[in-house]
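> The structure's right below; bear with me while I get my questions together.
The values are calculated or read from the model by the stated rules, or taken from the named source; none is laboratory data. Predicted model, so just to flag it, every value in this text is computed and none were measured. As a convention, Cβ positions derive from the backbone with ideal geometry for all residues, glycine included, and neighbour counts pool all protein chains shown.
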Amino acid sequence: SGNTLGVSDATTGGTGAQLTHTYNPTSPTCGGFKGQRCTSKDANNNVTSFTYNATGDLTKVDAPAPLGDTVYTYDALGRPATVKDGRNITTTYTYDKHDRVKTVTTPGKSVAYEYDKDGNQTKRTDAAGVLEV
């Protein structure tokens with residue numbers, strides 16, 4: 001009585017194709033909180049599902065082939081720690097004491113960032129060398 005069981009809406013994408021989305025009802029069905037998107041269906045009936053953890057962070061996107069699943073993990077402060085995509089490639093993030101991205105690492109590649117005392121990015125270092133920003 002008065003409790004929303006779920007919400008669905010439809011939008012039109014840039015190609016004119018209709019997209020349908022469902023959102024978490026009052027009692028979440030895909031984790032997270034009320035109002036977070038649980039599914040998205042395109043004009044070809046391809047469904048992408050979204051899963052959240054107890055703090056509302058996106059933990060998994062189950063996309064149709066050929067994209068596959070993308071899985072997200074978070075550190076103790078709720079910052080993205082890893083992202084594993086449908087190709088099974090994991091990207092790892094580290095942060096400095098001011099919550100700024102320090103490194104981004106994928107298999108065989110790493111990028112490091114440096115900042116000035118005001119928090120402005122000053123350097124980006126990758127395998128090709130240092131790029132002053």
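> Residue 116 is checked against (1) out of contact with any Ser or Thr (no Cβ under 7 Å at 6 or more places or on another chain); (2) charged (D, E, K, R); (3) over 30 Å from residue 34 (Cβ atoms) and fails just one. What number does that condition carry?
Among (1) out of contact with any Ser or Thr (no Cβ under 7 Å at 6 or more places or on another chain); (2) charged (D, E, K, R); (3) over 30 Å from residue 34 (Cβ atoms), the lone unmet condition for residue 116 is (1).
> Pull out all pairs, ordered by first then second residue, where Cβ-Cβ is under 7 Å, the residues are six or more apart or on different chains, the first lies in the stretch 68-80 and is closer than 18 Å to residue 97 by Cβ, and the second is outside any strand (DSSP E or B) and of a type in the set (A, V, I, L, M, F, W, C).
none
> Return yes when residue 93 is in a strand (DSSP E or B) and either in contact with a Gly (Cβ under 6 Å, 6 or more places away or on another chain) or within 30 Å of residue 44 (Cβ to Cβ) (or both) and no when it is not.
In short, no.
> A follow-up question, please. Specify the residue that is nearest to residue 70 (Cα to Cα); the eligible residues are those in the stretch 80-133 that are of a type in the set (A, V, I, L, M) and at pLDDT below 95.
So, considering only residues that are of a type in the set (A, V, I, L, M) and at pLDDT below 95, the one nearest to residue 70 (Cα to Cα) is 127.
> Hey, another quick one. Return a yes/no flag: does the stretch 55-66 have any residue that is at pLDDT 95 or above, over 30 Å from residue 45 (Cβ atoms) and either outside any strand (DSSP E or B) or small (Gly, Ala, Ser) (or both).
For the stretch 55-66, residues at pLDDT 95 or above, over 30 Å from residue 45 (Cβ atoms) and either outside any strand (DSSP E or B) or small (Gly, Ala, Ser) (or both): absent.
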